[in-house]
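Notes to accompany the following structure.
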Amino acid sequence: MTERPADRARGERVVRRALRALRHLRVLRVFRVLRDDLWTTAAEPPPHTARPRWLDWLPAIAVVVVVLAGLLLAGSANEYAFDYHMGTRPGLLLAALQSAALVAALFRPVPAWWGATLVMPVVAWYARGEADVDALYPWTGTGLTAQAGVLFLLALRVRPRITLETLLISAATGLGCGLLQAGRPGGHFAVTVLAVAALAGAALRGRQVARTELAAQQELTAEERTRRTVLQERTRIARELHDVVAHHMSVVSIQAQVAPHLVDRPSPELTENLAGIRANAVDALAELRRVLGLLRAEDTAGGAPDDGTRHAPQPGLDLLDELLGKVRGTGLAVTAVTTGERRPLPPGVELSAYRIVQESLSNVLRHAPGARARVELGYHPSGLTVRVRNTRPEGAVPAAGAPGSRTASGAGSRTGSRTASPPGSRTASPPDTGHGLLGMRERTAMLGGELATGPTPDGGWEVTAVLPTTPPAEDAT
């Protein structure tokens, strides 16, 4: 079947209409973007840095800009009035508008740019046939300085796309005014100056945006590192406590197995109950061993070093003297004081107390060279108080993070801060990573106790943990 010429022509007309409509939509989209970008008074706040820099000295910059605007006002008015033959009043009015735009760019950069840019067609209209089209036309030297200042301040506070749009419109306005005046574009040098000003402002803004994003990323990284450290400490604590619980379940199982043989002719009910106790203990022990295997497998997969203690019995306060002896062997002077009636405590309390003393003394060795340490154990009816205090370091203190914080962890979840230290003193500080403090805080919170860390008045450091012997009460649900 042959296509008729009329149908072919009709199809071509439809295609042409569709293409025109598509181009029309694209043009509308461009104008819509320009309207959203340039028909607004909104702008980002001036760039801010953590340390005082010239960008933060906004009041001083405002004074400088106002003074500069006053100087430009006088120069532009003179050039417009005599070089462009516009007369005194029109020249003064246009110069005042340009100078006001420079000041307004500190607060509303986009409207200020509009005001400075609209001066150019007015200048070209007034000066038509009277002024020479040169490298600056339609700007004067002072007018170009004001326009460049407006573009620079605008580029500091808007997106790069808006900066590019304003630069192109400014350049097109200047070149177009020269084309209408003498049939050839002028303002070549002026366009270069405007481009440099816009590029400088955009570069400073981009640098500050990059620094802000980097700081935010570093903060997120630090938070993630802290979260992972807390999880690692909790895993370690859980592994240690599972060891303790598994030991007790093993004892229960053995005692339930032996108990029937300690009674002459035990009743069937007693034998059955003891067998049930042993069966439940064996099942619980199997589950605990499965959890322990999982925790240790996670440690191995995570690259945790095997220091020989992974499968060792968990220490208690009966091994504290041995720990203090090892610390004294490193050259640290340590004294130990015990108050109250010494008695056996729950394994979890003794394990946490041992680890808190161990970590505190490790911190003294790392961060307070030449100091003396004192370990105090205070037994009281409701629990145990552990206090490790060291004197002011006599050697050079290694670089560390900010002084630690006083934190109370437990049921009340009370938190405060104590970071003041005597001026000029060499105050011992905790590890910069805070891993040791996190571990102590987690152990104390697990028992429902309180932990306080912070500098002492004499320039030393003190760690105090209150560990209750009764488990924290469960919240009512």
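Bear in mind that the values in this text are calculations on the coordinates, not laboratory data. Just so it is clear, the model here is predicted, and its values are computed rather than measured. Don't worry about glycine lacking a Cβ; one is built from the backbone with ideal geometry, like all the others, and counts go over all protein chains shown.
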Revision key, fill the gap. Between T271 and R366, Cβ-based FRET efficiency (R0 35 Å, step 0.05) works out to 0.05
Practice item. Tell me the label-point distance for the pair A9, D318, using the 7 Å Cα-to-Cβ offset, in nm and rounded to one decimal. Key: 11.1
Study note, to complete from the structure: Diffing region 449-460: the Karplus 3J(HN,Hα) column from phi (6.51, -1.76, 1.60, θ = phi - 60°), in whole Hz with x for Gly and Pro, holds x, 10, 10, 10, 10, x, x, 9, x, 8, x, x
Review point. Sorted by average packing, counted as other Cβ atoms within 10 angstrom per residue and highest first, what order do 96-107, 381-392 take?
Key: 96-107, 381-392
Study note, to complete from the structure: Contour minus Cα-Cα span, S382 to E224, at 0.36 nm per residue, comes to 53.2 nm
Review point. Whose amide H sits under 5 Å from the amide H of H380, counting only residues 5 or more places off or on another chain, with H placed in the peptide plane?
Key: T385
Practice item. Using a Förster distance of 45 angstrom, determine the FRET efficiency expected from the C-beta separation of T338 and R207, and round it to 0.05. Key: 0.15
Point to revise | Rounded to whole Hz, the Karplus (6.51, -1.76, 1.60) HN-Hα couplings of region 439-447, x for glycine and proline | key: x, 5, 5, 5, 5, 5, 5, 4, 8
Review point. Under the Karplus relation 6.51 cos²θ - 1.76 cosθ + 1.60, θ = phi - 60°, what is the ordered set of whole-Hz ³J(HN,Hα) values for region 167-178, x standing for Gly and Pro?
Key: 5, 5, 5, 4, 5, 5, 5, x, 5, x, 5, x
Exercise for review: Could you pull out every residue, at least 5 positions away or on a different chain, whose amide H is within less than 5 Å of the one on R392? Hs are placed 1.01 Å off N in the peptide plane, and Pro or chain starts have none.
Suggested key: G460
Study note, to complete from the structure: Under the 7 Å Cα-to-Cβ spin-label approximation, L180 and K326 lie apart by a distance in nanometres of 8.8
Check your understanding: So between R234 and A100, what do we pick up on full extension, going 0.36 nm a residue minus the alpha carbon distance?
Key -> 41.9 nm
Exercise for review: Report the residues of region 334-372 in range of a label on A284: point 7 Å along Cα→C-beta, backbone N strictly under 18 Å from it.
Suggested key: 346-349
